[in-house]
Amino acid sequence: MDEIAEDDVVLDLSDLADGPMSFTFLIGPKDFGPSGRAIKLAYEAEGYSVAIAIDATPFSVPSRYDDHFTTLMPNTGPFQVQQMAEDQALISYHLAHTGSTGPILYRPNGEGIIQLIFSVPMRVAPKFNIELVDPELQVSNQDVQRDGRSKKVMLKFKVRHRRTRQIIRRGVAVKSIELDAEL
C-alpha cells in the first residue's frame, strides 16, 4: 500500500462490525457541515459541497435483493416545495460556473455544437437570428437542437459553411445574436 499523504483524509471504519454498511451522499452549500463520521469535499468556486457519511442505523437490504444494488430516495427533505424552477436553476448554474452576469456562449464541442445560455428564462422558445463575422458561414434552422426541458433557457446550434455544408468544429467569430420570444 502507498504511503498516506499529509493532506489525504482517512475515515477509519475498523471499529464497525463486519457486514453491510450504509452510506449517505449529501450535496449542500459549501459551508454545510455534516455531523458524525463523514468526509466532505467543498467546491469553493461552485459554492457547494459533497459529503459521504456513515449512517447511524444501517439500511437492511431485503434478502431477495442481496445480489443487487439498492438505490434509495428520502421520502421527506428540508423543503416541502421546489425552491427554484428547473430552467432558472440551469441558468444559475452556468452563471455561477463561469462567473458571468449575462448570456453565455460556449465554444463548440467535438461535434461542433455551440451552446448559448440565456441570462433569463424566455416565455417561449425564442426565434433566433445569428449573424457571423465570416459571410461564408451560417446557422440555419436545421442546425438548431432544442430540448423540451431547456428550450426557454438554452439554444444549441452548429455552424456550417454555406457552399460546402461542412460543419465547422472550431470557434468562430459571432457578429450578433438576436433572440425573439414575442412578448
Next item on the list: Only Lys, Arg, Asp and Glu count, each charged at its Cβ (+1, +1, -1, -1), so figure out the dipole size of the chain about its Cα centre, rounded to 20 debye.
Entry: 1680 debye
Check: Cross-link partners among lysines for Lys158, C-alpha distance below 21 Å, same-chain residues fewer than 8 apart left out?
Finding: Lys127, Lys175
Margin query: Please arrange Val159, Val139, Val172 by how many other C-beta atoms lie within 10 Å of their C-beta, fewest to most.
Written below: Val172, Val139, Val159
Checklist line | Geometric extent, Cα atoms of the range 134-183 - Rg, Dmax (angstrom) | finding: 12.3, 37
Item checked: Distance between modelled label sites at Ile27 and Ile52, nm, 7 Å Cα→Cβ extension -> 1.7 nm
Item checked: Selected from Leu155, Leu116, Leu41 as most flexible by GNM, with the chain as the system and alpha-carbon contacts under 10 Å -> Leu41
Notebook entry, point to check: Where a Cα-Cα gap under 17 Å defines reach, which aspartates and glutamates qualify for Lys156, not counting those fewer than 8 residues away within the same chain?
Noted result: Asp87, Glu111, Glu131, Asp143, Asp147, Glu178, Asp180
Notebook entry, point to check: Could you work out the helix-only [θ] at 222 nm for the chain, with each DSSP H run of four or more residues adding -39,500 (n - 2.57) and the total divided by the number of residues, to the nearest 500 deg cm²/dmol?
Noted result: -2500 deg cm²/dmol
Check: Would you list Met84, Met154, Met122 from fewest to most Cβ contacts within 10 Å?
Finding: Met84, Met122, Met154
Note to self: Report, to one decimal in Å, the Kirkwood hydrodynamic radius for the range 86-183 based on all distinct Cα pairs.
What the structure shows: 13.9 Å
Item checked: Values of log10 I(q)/I(0), in the order q = 0.08, 0.09, 0.10, 0.15 Å⁻¹, for the chain under a Debye, Cα-only, solvent-free model -> -0.48, -0.58, -0.67, -0.98
Notebook entry, point to check: Quick one: helix 86-98 against the long Cα principal axis of the chain, what's the angle to the nearest 10°, folded into 0 to 90?
Noted result: 90 degrees
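Every number here is computed from the coordinates shown, using simple stated rules; none is lab data. No experiment lies behind these values; they were computed from the predicted model shown. Methodologically, a virtual Cβ is constructed for each residue, glycine included, from the backbone with ideal geometry; neighbour enumeration extends over all protein chains shown.
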